[in-house]
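Colleague: This is the structure I want to talk about, given as structure tokens.
Quick note: the coordinates plus some simple rules give every number you see, no bench work behind them. Fair warning: this is a prediction, and the values are worked out from it, not measured in the lab. Heads up, the Cβs are rebuilt from the backbone with ideal geometry, glycines too, and the neighbour counts pull from every protein chain shown.
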Amino acid sequence: SQTIHQWPATLVQPVGSPLSLECTVEGTSNPNLYWYRQAAGRGLQLLFYSVGIGQISSEVPQNLSASRPQDRQFILSSKKLLLSDSGFYLCAWSLNGGNQPQHFGDGTRLSIL
Amino acid sequence: GDSVTQMEGPVTLSEEAFLTINCTYTATGYPSLFWYVQYPGEGLQLLLKATKADDKGSNKGFEATYRKETTSFHLEKGSVQVSDSAVYFCALSDQSNYQLIWGAGTKLIIKP
């Protein structure tokens, strides 16, 4: 069966520091991968998605970036965090192709001080 | 473009009450429809899905029927429990580019 791992679970960072969140998927090949952000008490905002290695689509212009160095690895990065980057970050995967459900990791709670 | 509209929350019910959370959608083509549940501090879990008109998805006592004529996918449960307290998200698949279109989420609070 497929599993998705996301870490760390919580992170406290100062403003202006860099960020790296990692997500890996096991048990499937060539998945679609997604990064979402969820502000407190709010809905989901799609940040990036990827349909293959090195293929990244950005949905929201901001100081975050994403990379997919391996088939089942998806990394969310920032060179300099802003206060507004605080939130709950969720990684998800789906099978390749349309009409597929997405399956989520446990999320990373990011607090910027 | 495609969109999903959910009833605003929070929805507060007593234990053993009947639950309905409304979800309507606009879409071109033939999307699949999903309900997800998010417990406090956790990621989203797929609760149920339906892939074509008149399909009924069900799981853990929850049900939803894909109604193309009313463009709806309402979530129902006959008798809720305190453990059902969570945020529920309705979503539809975007067949063209592999994304899901999300509703805003509905917070459900069940009181003992």
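Colleague: Return only the number of the condition from (1) of a type outside the set (Val, Ile, Thr); (2) part of a loop (DSSP other than H, G, I, E, B); (3) more than 13 Å from the chain's Cα centre (by Cα) that residue B:13 does not satisfy.
Modeller: The failed condition is (2).
Residues checked against (1) assigned to a strand (DSSP E or B); (2) at the interface with chain B (Cβ under 9 Å from one of its Cβ atoms); (3) more than 23 Å from residue B:93 (Cα to Cα); (4) touching a Cys at 6+ places or on another chain (Cβ under 6 Å):
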| position | (1), (2), (3), (4) |
| --- | --- |
| A:66 | yes, no, no, no |
| A:77 | yes, no, yes, no |
| A:84 | no, no, yes, no |
| A:89 | yes, no, no, no |
| A:96 | no, yes, no, no |
| A:99 | no, yes, no, no |
| A:110 | yes, no, yes, no |
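Conditions (1) without any contact (Cβ under 8 Å) to a residue 40 or more places away in the chain; (2) among the aromatic types (Phe, Trp, Tyr); (3) under 21 Å from residue B:100 (Cβ atoms), marked per residue:
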{"residue": "A:12", "(1), (2), (3)": "no, no, no"}
{"residue": "A:16", "(1), (2), (3)": "no, no, no"}
{"residue": "A:28", "(1), (2), (3)": "no, no, yes"}
{"residue": "A:45", "(1), (2), (3)": "yes, no, yes"}
{"residue": "A:49", "(1), (2), (3)": "yes, yes, yes"}
{"residue": "A:55", "(1), (2), (3)": "yes, no, yes"}
{"residue": "A:66", "(1), (2), (3)": "yes, no, yes"}
{"residue": "A:74", "(1), (2), (3)": "no, yes, yes"}
{"residue": "A:105", "(1), (2), (3)": "no, no, yes"}
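Colleague: Residue by residue through segment A:11-33, note down the ones that are surrounded by 12 or more Cβ atoms within 10 Å (Cβ to Cβ), polar (S, T, N, Q) and assigned to a strand (DSSP E or B).
Modeller: Answer for segment A:11-33, where residues must be surrounded by 12 or more Cβ atoms within 10 Å (Cβ to Cβ), polar (S, T, N, Q) and assigned to a strand (DSSP E or B): A:13, A:24, A:32.
Colleague: Can you report the number of residues in segment B:24-53 which are away from chain A (no Cβ under 13 Å) and in contact (Cβ under 8 Å) with a residue 40 or more places away in the chain?
Modeller: Residues that pass the stated criteria total 3.
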